[in-house]
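Q: A single structure is presented below for examination.
The values are calculated or read from the model by the stated rules, or taken from the named source; none is laboratory data. This is a predicted model, so every value here is computed, not measured. Cβ atoms come from the backbone with ideal geometry, glycine included; neighbour counts cover every protein chain shown.
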Amino acid sequence: MLHKPHQILRSVFGYEDFRLEQERAISTVLRGEDSFVLMPTGGGKSLCYQVPALCLDGLTLVVSPLIALMKDQVDALRLNGVEAAYLNSTLDEGDQRMLANRLRQGEIRILYVAPERLVTERFLNFLATLNPVLFAIDEAHCISQWGHDFRPEYRELSRLKERFPNVPLIALTATADEQTRRDIVAQLAIPQKNIFVSSFNRANIRYFVEPKHDTYEKIVAHVRQRKGESGIIYTLSRASAESLADRLKADGFSALPYHAGLERAVRTRHQDLFLRDEVQIVCATIAFGMGIDKSNVRYVIHHDLPKNIESYYQETGRAGRDGLMSDAILLYSNADVMKLQKMLVIEDNPEQTRILIQKLQEMRKYAESRQCRRKYLLKYFGENFSPDEQSCGSCDVCLKPAQEQEFFDATLHAQKFFSAMIRTGERFGAGYVIEVLRGNTAKVRLEHLNLKTFGVGADTSAAEWRRIANELCNEGWCERDNGEYPILKLNEKSKAVLYDGEKVMLPKAEERKRSSRREREIAATPKFAARDTTSAIPHNEQLFERLRVVRRSIAESEGVPPFMVLSDATLMQLATYLPVSVQEIRYIAGFGEVKTERYGEKFAREIQDFTVEHQLPSQMNSLPQKRERSRESASSASSTSSSVQRVNTDVSKGLNATAFETLRLLKDGNTPETIASMRDLARSTIFEHLASCVAAGKIPLNDIVTEEKEEAIIDALREQEWREGQGLKLVKEALGEGFEYGEIRAVIAAYPR
Ligand code: ADP
Ligand code: ZN
């Protein structure tokens with residue numbers, strides 16, 4: 001192993017800690033074992049293979065079916081200074097030959113490949129000459145027929161294992177139900193102990209369900225709140241994607257449509273404008289999956305009901321990949337259920353139809369439920385969200401104060417409704433029962449015209465009856481059969497109402513006033529758009545905007561979308577902690593070495609100007625990772641040896657000039673011994689320099705400390721129960737001859753925790 005994972009995380013990606021199961025997945029790969037990683041979108045799957053790829057000495061292959069995303073991944077890696085490339089059908093002969101050459105030279109560390117390329121005999125033979133060290137199978141659910149996106153080419157991937165049995169493989173996906181999961185694991189023969197499943201809770205997404213009336217006003221209210229931020233609005237039809245985008249545009253918002261009916265060039269242009277933050281809102285059809293990884297999508301609105309919870313979860317998951325607070329809003333009406341119900345019927349395939357309708361019913365239940373949305377979603381995916389807590393504090397149900405909901409005594413309504421059900425033989429859905437209650441002679445069958453319940457509910461509107469019927473079903477007062485045409489059945493509770501006079505309390509209908517559009521919009525606002533701030537940390541908005549401008553200009557010159565240069569989360573940290581020098585910027589999450597070097601100066605200058613203009617003091621001391629790192633470097637510099645004082649290098653400040661000179665000489669191929677004599681410095685001093693180079697992530701530990709020595713040093717540190725902040729004298733004595741303080745310090749620096 002060349003590098004330690006933490007070192008790579010810091011120096012290349014600029015992040016402080018691993019998330020979720022990243023660390024365990026990475027160690028498994030580095031032990032040479034196969035693994036399976038299930039993590040929600042935005043969880044950080046890429047680092048699970050990118051970090052080990054850079055720890056190992058050789059080529060990592062990433063199999064991905066999403067050609068559109070390959071270039072993005074490669075661009076993003078290159079911005080962090082990682083040599084990466086992709087091989088797919090978009091490359092011409094010349095490109096491919098050039099790529100083959102670079103691969104032969106060992107210039108490329110990470111190669112993205114489309115599956116159909118990979119498994120050709122020719123490619124496998126070529127691969128055998130290249131020293132592959134890791135296979136990553138992205139979107140691994142494509143291997144399973146049970147998944148929603150089965151790809152036959154993926155089946156062939158098991159050949160990789162036959163051909164390269166000793167190369168570890170890591171399979172990753174964000175979407176896999178139990179059956180798909182088992183299938184992936186079985187087909188790739190992944191050991192049970194190496195399955196890493198993270199929680200699917202997207203803590204930074206707030207879930208809201210709103211009744212679908214005054215729809216446009218609700219959307220506008222939200223978009224206004226999120227002014228200048230990116231959002232996706234999903235619609236069912238192309239026409240409504242178009243008309244919604246037009247209407248928003250006419251009202252002065254920055255919106256474009258995106259659907260399969262647009263010409264390819266138009267679609268690409270619209271997508272690019274969105275990716276580049278030049279258009280804020282995209283109105284897209286649900287049918288068209290957008291091949292995008294834009295990390296700063298702040299909200300996803302479902303203008304129409306999705307067909308199932310899987311799609312809903314995936315679509316809402318496109319919000320907040322950068323970890324900042326984001327909203328998922330569903331506009332719900334029963335009419336959408338009816339519409340979809342018709343659309344989902346597959347001729348001559350009742351079995352498939354049944355499954356689709358069943359899934360739609362689950363979606364309906366979610367929307368109509370008055371349970372915590374998060375809990376409901378997670379339960380659907382087989383996860384028990386904080387079982388002791390009823391409230392997640394960030395969905396419409398949990399945010400609504402209990403007293404806000406008023407109830408009324410609906411016992412009489414329920415009795416009428418249930419007896420109409422009985423008298424029509426429990427063979428009908430709510431719609432028909434309501435016609436009977438309302439006394440609709442035109443719709444009711446002849447044999448039901450003389451029922452005692454015929455017309456007994458005429459004093460209540462059909463809409464109100466529908467609402468009551470829904471509440472009765474959702475609250476379990478009766479049952480809904482999940483067939484193609486949902487039939488209502490009585491249960492024990494309905495019988496108690498009918499025969500034992502049990503009381504039914506139901507929520508009152510929401511008031512709906514006719515009013516001007518602007519008034520309705522304002523009235524719509526507090527429901528889901530009221531918020532503290534747009535994000536987790538109280539940053540300076542004005543500075544954030546200025547930093548966005550800087551980012552945009554860098555993105556333009558690099559030819560990549562802005563979120564790829566630096567995430568919104570990183571800009572927000574800048575606008576909170578106000579680093580004014582490149583040295584300080586190193587502490588900000590998201591600034592790896594390459595980005596610090598390339599862009600640090602520009603941002604530091606902008607922040608410097610801003611803080612001077614507004615006389616703002618630095619907030620760097622409240623930055624958690626700064627405190628963390630200073631503590632470490634203080635400990636690595638503390639020692640009894642006097643020579644240490646001279647090279648008291650704060651790792652965060654990069655390298656001082658003399659350490660840098662040592663680094664240069666080392667890179668030129670000189671040994672520490674020769675450098676010492678060339679520079680007329682003590683050998684121990686040279687090792688101090690090298691320790692600071694390791695700490696700064698400039699060189700891999702094992703360049704200066706052999707693995708045997710590394711082990712011995714770790715043992716000695718453990719044995720002496722060495723703690724950060726203590727001197728190293730005892731450790732050195734325990735090690736005996738042949739060890740430098742610098743070597744010990746280098747090992748400590750390479751193990752940040
Ligand atoms: P996924 O592929 O699982 O949807 P990504 O790999 O694209 O997620 O990661 C989502 C975002 O989270 C990216 O911006 C990535 O840089 C960031 N990220 C991943 N791991 C970490 C980490 N350990 N610390 C901070 N940010 C991280
Ligand atoms: Zn909740």
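Q: Within the stretch 26-61, count every residue that is among the acidic types (Asp, Glu) and closer than 18 Å to residue 106 by Cβ.
A: 1
Q: Another question, if that's okay. Restricting the search to the stretch 151-193, which residues are within 22 Å of the chain's Cα centre (by Cα) and assigned to a helix (DSSP H, G or I)?
A: Matches in the stretch 151-193: 178, 180, 181, 184.
Q: So which helices (runs of 4 or more DSSP H) stay within the stretch 393-443 end to end and still have 1 or more residues that are in contact with a His (Cβ under 8 Å, 6 or more places away or on another chain) and of a type in the set (S, T, N, Q)?
A: Per the criteria, no element qualifies.
Q: Return the total of residues in the stretch 328-349 being in a helix (DSSP H, G or I) and within 25 Å of residue 407 (Cα to Cα).
A: Here the count works out to 2.
Q: Starting from residues that are out of contact with any helix residue (DSSP H, G or I) (no Cβ under 8 Å at 6 or more places or on another chain), β-branched (Val, Ile, Thr) and surrounded by 12 or more Cβ atoms within 10 Å (Cβ to Cβ), keep the ones in the stretch 486-536 and report whichever is modelled with the highest pLDDT.
A: Here the residue is 487.
Q: Test residue 352 against the stated conditions and say whether it is more than 28 Å from residue 508 (Cβ to Cβ) and either assigned to a helix (DSSP H, G or I) or out of contact with any helix residue (DSSP H, G or I) (no Cβ under 8 Å at 6 or more places or on another chain) (or both).
A: Spelling it out, residue 352 is indeed more than 28 Å from residue 508 (Cβ to Cβ) and either assigned to a helix (DSSP H, G or I) or out of contact with any helix residue (DSSP H, G or I) (no Cβ under 8 Å at 6 or more places or on another chain) (or both).
Q: Let me ask something else about it. If you scan the stretch 537-553, which residues turn out to be part of a helix (DSSP H, G or I) and surrounded by fewer than 20 Cβ atoms within 10 Å (Cβ to Cβ)?
A: 541, 542, 544, 545, 546, 548, 549, 552, 553
Q: Of all the helices (runs of 4 or more DSSP H) wholly in the stretch 12-129, which have at least 2 residues that are hydrophobic (A, V, I, L, M, F, W, C) and more than 16 Å from ligand 1 (Cβ to nearest atom)?
A: 93-104, 121-128
Q: May I ask you to list the residues in the stretch 118-161 that are more than 28 Å from residue 43 (Cα to Cα), surrounded by 16 or more Cβ atoms within 10 Å (Cβ to Cβ) and touching a strand residue (DSSP E or B) at 6+ places or on another chain (Cβ under 7 Å)?
A: 130
Q: Inspect the stretch 236-244 for any residue being within 27 Å of residue 371 (Cα to Cα) and away from ligand 2 (no atom under 16 Å from the Cβ) and give the result as yes or no.
A: Yes, because at least one residue in the stretch 236-244 is within 27 Å of residue 371 (Cα to Cα) and away from ligand 2 (no atom under 16 Å from the Cβ).
Q: Let me ask another. So is residue 342 without any contact (Cβ under 8 Å) to a residue 12 or more places away in the chain and within 14 Å of ligand 2 (Cβ to nearest atom) or not?
A: no
Q: What do you reckon, is residue 247 free of Cβ contacts under 8 Å to residues at least 12 places away in the same chain, in contact with a strand residue (DSSP E or B) (Cβ under 9 Å, 6 or more places away or on another chain) and more than 16 Å from ligand 1 (Cβ to nearest atom)?
A: Spelling it out, it is not the case that residue 247 is free of Cβ contacts under 8 Å to residues at least 12 places away in the same chain, in contact with a strand residue (DSSP E or B) (Cβ under 9 Å, 6 or more places away or on another chain) and more than 16 Å from ligand 1 (Cβ to nearest atom).
Q: On to the next question. Filter the stretch 559-612 down to the residues that are within 23 Å of the chain's Cα centre (by Cα) and of a type in the set (D, E, K, R), then identify the one that is nearest to residue 8 (Cα to Cα).
A: 595
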